[in-house]
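Written below as structure tokens is the structure these notes are about.
The values are calculated or read from the model by the stated rules, or taken from the named source; none is laboratory data. Since the model is a prediction, treat every value here as computed from it, not as a measurement. Neighbour counts run over all protein chains shown; Cβ positions are idealised from the backbone, glycine included. Quick note on the areas: whole protein, heavy atoms, side chains included, nothing else; ligands and nucleic acids left out. Shrake-Rupley method; radii C 1.70, N 1.55, O 1.52, S 1.80 Å.
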Amino acid sequence: MSGKGTRFREFQVTEEAVQKARYAGLYGDTVKRIARMARRSAPITHERGNWRFNDFILLIEDGRVLDVSRIKLS
């Protein structure tokens, strides 16, 4: 082994994404939470974004989180 741990992809989070996430109810260290959500998200096809984490839809392009929306799960 080389001694290096697993490296996760880093995401840049835009200020607009932070504001929308806070409006949707995501608080605390919002940038860190959104980046963690982006790393753990799954690809989807949806009108609001292209990745999903729990009840959040993320729009991610070129390693940048551009938008965060919350959806209601039935």
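Some observations on this one:
- Tallying residues that are exposed (fewer than 14 other Cβ atoms within 10 Å of the Cβ) and over 16 Å from Arg70 (Cβ atoms) within the range 12-30 yields 2.
- Hits in the range 31-74 (condition: open to solvent by less than 50 Å² (accessible area, probe 1.4 Å), among the charged types (D, E, K, R) and touching a Gly at 6+ places or on another chain (Cβ under 9 Å)): Asp67
- Among the residues of the range 25-74, those that are under 18 Å from Glu15 (Cα atoms), touching a strand residue (DSSP E or B) at 6+ places or on another chain (Cβ under 8 Å) and part of a loop (DSSP other than H, G, I, E, B) comprise Gly25, Leu26, Arg48, Gly49, Gly63.
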